[in-house]
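Reviewing the structure listed below.
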Amino acid sequence: MKALLLYPEFPDTFWSFKHALKFIGKRASLPPLGLLTVAAMLPAKWEKRLVDVNVRPLREKDLAWADVVLISAMIAQRDSATQLIARCRAAGKTIVAGGPLFTVEQARFPDVDHLVLNEAETTLPGFLDDFARGVARHVYTSTELPDLRETPAPLWELVELRRYASMSVQYSRGCPFDCDFCSVTAMFGHRPRVKTPAQILTELDGLWQRGWRGTVFFVDDNFIGNKRSLREELLPALVRWHRGKRGFGFYTEASINLADDEELMRSMVAAAFDQVFVGIETPEEASLTECNKRQNQSRDLVADVKRIQRAGLEVQGGFIVGFDNDSPTIFQRQIDFIQKSGIVTAMVGLLQAVPGTKLHERLHQQGRLLGETTGDNVDGTTNFIPRMNREKLRDGYRQLMDHLYAPGPYYRRIRTFLREYQPMRISGAANSGNFRAFARASLRLGVIGRERFHFWGLLMWTCFRRPTLVPIAVRLSIYGFHFRKCCAALGA
């Protein structure tokens, strides 16, 4: 059996970094980790080929080669997934689909032959048994939460590593919190399940042996959900592993209570973590209560962010406007918070109701849903009737984004961050591709761009004040170029 693993294209979004990737000659931020893990669960005798449409197009000869097509996608990839499925159907291929998009929107894809949903460790074996006997059903689902200690390592040999800016691994699934807009606990539960350190080191060794030198994203939705296993098992193992594997650096996602644990932050930095995404959401206490973001309530969030930065972890932040308790003052309050905290990479989105979440169910009961979510919460749309006037919400959001990523405020925010940031080391990963990035940034941002005075001013300031952080200043300047492109599309 020849299996084509197909990954649809992401639109131009905040996290796609498409405009930034051109500076370093990469095509996509991350490989499709889920598909690579599924590939390892397929029968060993099957031939496997990966086509990630984010890095190369699907060719007719790929379809001609395949006996069966396995496609996985997130909601933001809906349009590309629909187009790819149509091509596979026209070519007469058997289509097997899974992942978040197909889990929540089964009815949209009548041309898919088999839907293998939820976590593949529980549903894929049954499908493969039935498929081998010619009696496969249309839908396979399960409420069982599998033991990740049985999950195989991804098949890295299917990936063109040089096409990607980062690699990815997964240590845990699940989150102990219960934010009502988040689908993580609906899919993966509240008890974080973890892999063994040996599994993670095997995955990292696989990347090392294939020549990868660069950043690796731990894709866990809350990396610190199981602090005990993290502190006692994984981080010590990563510290030992990293001693002989220079050139690697890690980043991940965590809840804000990371700021309460100085020892844990030190251990993460010692293990080569230097960035962390944190869901801040809003400075409005009533809105935090509304969405059950209890871990963020009654805190000095700015102080928490600065504490994490001073520990050596660059904080990237997620923010939301459009809660029922948001008043028209929320836009300026978000700006003030983000500027003061020095969160350079601040993803501010309009609230969207994702199927399967408590928010979606509540809005459905209130008759306020307007349709499906786009899966991209920074595209300026929302799929429900907000309490705030819709035009006021949309206009306030666009003005907020325009201000945050205008050269003046953006470059001031970089300086605020660089003043606080206290890295243990500047990793080899942070310097990879430095000369190419600097050369292209110098031309595109420093000569052509309207931000050229801000760009050179930042570099001069960094050279004199924080010279070891010049590569980070260049990287964040490039990010700003991408974010301004996204804001321009939002305005259109």
Handout entry: Wholly enclosed helices (runs of 4 or more DSSP H) of the range 380-492 bearing at least 1 residues closer than 30 Å to ARG362 by Cβ, of a type in the set (Phe, Trp, Tyr) and more than 25 Å from the chain's Cα centre (by Cα)
Key = none
Practice task
Mind listing whichever residues of the range 19-37 are touching a Ser or Thr at 6+ places or on another chain (Cβ under 7 Å), aliphatic (A, V, I, L, M) and either within 11 Å of LEU155 (Cα to Cα) or in a strand (DSSP E or B) (or both)?
Solution key: LEU33, LEU35
Handout entry: Test result for VAL116, at pLDDT 95 or above and either assigned by TED's automatic domain parsing to the domain that holds HIS360 or farther than 30 Å from PRO197 by Cα (or both)
Key = no
Handout entry: Residue that is farthest from the chain's Cα centre (by Cα), among those in the range 19-28 that are buried (at least 19 other Cβ atoms within 10 Å of the Cβ) and farther than 16 Å from GLU160 by Cα
Key = PHE23
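Restricting attention to the range 311-333, which residues are outside any helix (DSSP H, G or I), in contact (Cβ under 8 Å) with a residue 12 or more places away in the chain and over 19 Å from ASP180 (Cβ atoms)? Before the answer, list the steps.
Taking the range 311-333 and keeping what is outside any helix (DSSP H, G or I), we get 311-329.
Keeping just the survivors that are in contact (Cβ under 8 Å) with a residue 12 or more places away in the chain gives 311-328.
Of everything in the range 311-333, those that are outside any helix (DSSP H, G or I), in contact (Cβ under 8 Å) with a residue 12 or more places away in the chain and over 19 Å from ASP180 (Cβ atoms) turn out to be ALA311, GLY312, LEU313, GLU314, VAL315, GLN316, GLY317, SER327, PRO328.
Quick one: how many residues across the range 359-372 are over 15 Å from GLU281 (Cβ atoms) and assigned to a helix (DSSP H, G or I)? Walk me through it before giving the result.
Narrowing the range 359-372 to residues over 15 Å from GLU281 (Cβ atoms): 360-372.
Narrowing further to those that are assigned to a helix (DSSP H, G or I): 360-365.
Adding up the residues that qualify gives 6.
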Practice task
Tell me, yes or no, whether the range 437-457 has at least one residue that is of a type outside the set (Asp, Glu), closer than 30 Å to ASP304 by Cβ, at pLDDT below 95 and surrounded by fewer than 17 Cβ atoms within 10 Å (Cβ to Cβ).
Solution key: no
Completion exercise
Scanning the range 26-41 for residues that are within 17 Å of LEU117 (Cβ to Cβ) and touching a residue at least 60 places away in the same chain (Cβ under 8 Å) gives GLY34, THR37, VAL38, MET41
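Among the candidates GLU119, GLU105, single out the residue that is of a type in the set (Asp, Glu) and either within 20 Å of THR37 (Cβ to Cβ) or surrounded by fewer than 14 Cβ atoms within 10 Å (Cβ to Cβ) (or both). Spell out how you get there, then give the answer.
Numbers: GLU105 fails: either within 20 Å of THR37 (Cβ to Cβ) or surrounded by fewer than 14 Cβ atoms within 10 Å (Cβ to Cβ) (or both).
Going through GLU119, GLU105 in turn, just one is of a type in the set (Asp, Glu) and either within 20 Å of THR37 (Cβ to Cβ) or surrounded by fewer than 14 Cβ atoms within 10 Å (Cβ to Cβ) (or both): GLU119.
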Exercise for the section: Specify the residue that is surrounded by the most Cβ atoms within 10 Å (Cβ to Cβ); the eligible residues are those in the range 209-260 that are of a type in the set (Val, Ile, Thr) and touching a strand residue (DSSP E or B) at 6+ places or on another chain (Cβ under 7 Å). Expected result: THR215
Exercise for the section: Under 6 Å between Cβ atoms, at least 6 apart or on separate chains: pull out the pairs that start in the range 94-122 with a residue that is closer than 17 Å to LEU84 by Cα and end on any residue that is surrounded by fewer than 21 Cβ atoms within 10 Å (Cβ to Cβ) and polar (S, T, N, Q). Expected result: ASP113/THR94; LEU115/GLN106
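Looking at the structure I just gave you, is LEU301 crowded, with 19+ Cβ neighbours inside 10 Å, more than 21 Å from the chain's Cα centre (by Cα) and among the aliphatic types (A, V, I, L, M)?
Working: crowded, with 19+ Cβ neighbours inside 10 Å: yes; more than 21 Å from the chain's Cα centre (by Cα): yes; among the aliphatic types (A, V, I, L, M): yes.
For LEU301, the condition - crowded, with 19+ Cβ neighbours inside 10 Å, more than 21 Å from the chain's Cα centre (by Cα) and among the aliphatic types (A, V, I, L, M) - is met.
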Practice task
Determine which member of the set GLN83, GLN77 is under 24 Å from the mean Cα position of the chain (by Cα) and either among the aromatic types (Phe, Trp, Tyr) or over 25 Å from SER166 (Cα atoms) (or both).
Solution key: GLN83
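Does the range 78-91 contain at least one residue that is under 20 Å from LEU4 (Cα atoms), modelled with pLDDT of 95 or more, outside any helix (DSSP H, G or I) and in contact with a Phe, Trp or Tyr (Cβ under 6 Å, 6 or more places away or on another chain)?
Step one: list which residues in the range 78-91 are under 20 Å from LEU4 (Cα atoms), which gives 78-91.
Subsequent filtering for residues that are modelled with pLDDT of 95 or more retains 78-91.
Narrowing the set further to residues that are outside any helix (DSSP H, G or I) leaves 91.
Next, only the ones that are in contact with a Phe, Trp or Tyr (Cβ under 6 Å, 6 or more places away or on another chain) stay: none.
No, the range 78-91 contains no residue that is under 20 Å from LEU4 (Cα atoms), modelled with pLDDT of 95 or more, outside any helix (DSSP H, G or I) and in contact with a Phe, Trp or Tyr (Cβ under 6 Å, 6 or more places away or on another chain).
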Problem - Hits in the range 55-77 (condition: crowded, with 21+ Cβ neighbours inside 10 Å and either part of a strand (DSSP E or B) or in contact with an Asp or Glu (Cβ under 6 Å, 6 or more places away or on another chain) (or both)) - result: VAL69, LEU70, ILE71, SER72, ALA76
Problem - All positions within the range 1-18 that are of a type in the set (A, V, I, L, M, F, W, C) and over 17 Å from the mean Cα position of the chain (by Cα) - result: MET1, ALA3, LEU4, LEU5, LEU6
Completion exercise
Across the range 361-379, the tally of residues that are modelled with pLDDT of 95 or more and buried (at least 22 other Cβ atoms within 10 Å of the Cβ) stands at 0
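Which is farther than 20 Å from ALA86 by Cβ and either of a type in the set (Lys, Arg) or modelled with pLDDT of 95 or more (or both), of ARG56, ARG27? Outline the logic, then answer.
Values: ARG56 fails: farther than 20 Å from ALA86 by Cβ.
On inspection, the qualifying residue turns out to be ARG27.
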Practice task
Taking the options ALA44, ALA3, name whichever one is assigned to a loop (DSSP other than H, G, I, E, B) and of a type in the set (A, V, I, L, M).
Solution key: ALA44
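The values are calculated or read from the model by the stated rules, or taken from the named source; none is laboratory data. Please read these numbers as outputs of a predicted model, since none were measured by experiment. So basically every Cβ, Gly included, is an ideal-geometry build from the backbone, and we count neighbours across all protein chains shown.
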